1. Carbon and sulfur atoms: what percent of the 1.4 Å accessible area of the chain do they account for?
2. Evaluate the distance, in nm, between pseudo-label points positioned 7 Å from the Cα of Met1 and of Ala63 along their respective Cα→Cβ axes.
3. Quick check for you: which residues of segment 31-47 have the amide N under 16 Å from the point 7 Å beyond the Cα of Ala25 toward its beta carbon?
4. Mind telling me which of Ala25, Ala63, Ala45 comes out most flexible in a GNM of the chain, alpha-carbon contacts under 10 Å?
5. Multiply the residue separation of Tyr56 and Val16 by 0.36 nm, subtract the distance between their alpha-carbon atoms, and state the gained length in nm to one decimal.
6. With the chain treated as a Gaussian network of Cα nodes joined by springs under 10 Å, which of Leu33, Leu24, Leu58 yields the largest mean-square fluctuation?
7. With every protein chain kept in place and ligands, DNA and RNA left out, what is the accessible area per residue of segment 1-77? Probe 1.4 Å, answer in Å².
8. Kindly express, to the nearest 10 degrees and within the range 0 to 90, the angle between helix 33-48's C-alpha long axis and the longest C-alpha principal axis of the chain.
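The values are calculated or read from the model by the stated rules, or taken from the named source; none is laboratory data. It should be emphasised that the depicted structure is a prediction, and the values quoted were computed from it without experimental measurement. Positions of Cβ are backbone-derived with ideal geometry, glycine not excepted, and every protein chain shown enters the neighbour counts. With ligands, DNA and RNA removed, areas are computed over all heavy atoms of the protein, side chains included. Shrake-Rupley method; radii C 1.70, N 1.55, O 1.52, S 1.80 Å.
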Amino acid sequence: MFPVVIDGAHYTEFWVRPAEPEDLAGLRWGDSLEARLERGMTLVARMCDVPEAVLYALDPSDAGRLGTAVEGLISGVV
C-alpha cells in the first residue's frame, strides 16, 4: 500500500518465488534473534529479487503482508 523508493527505484509490488538452493548460500546461521532476522530478510530479498534495503524500508503493514506471503515458502529454513 505504501511504495518504497530506494536509489531512485520505485517498489510498489513484489513477486515472490520459492527459495532455491543458491538463495541459501552465505546466509548467517545461528539461533540469536539478530541472526534469524538477518537470515530471513536476506532470504526474502533474494526470493523477491530486491535489495534488502527495500524490505527494511517497508511500512509495517506491508511487511506483514509480505511476511504472510512468504511464510509457507521459507518455513523451516529461517
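1. Carbon and sulfur together cover 57 percent of it.
2. A separation of 1.6 nm, rounded to one decimal place.
3. Counting only backbone N, you get 43, 46-47.
4. Ala25
5. Once the chain is fully extended between Tyr56 and Val16, it gains 12.7 nm.
6. Largest GNM mean-square fluctuation: Leu33.
7. Accessible area per residue: 65 Å².
8. Helix 33-48 and the main axis of the chain meet at about 60 degrees.
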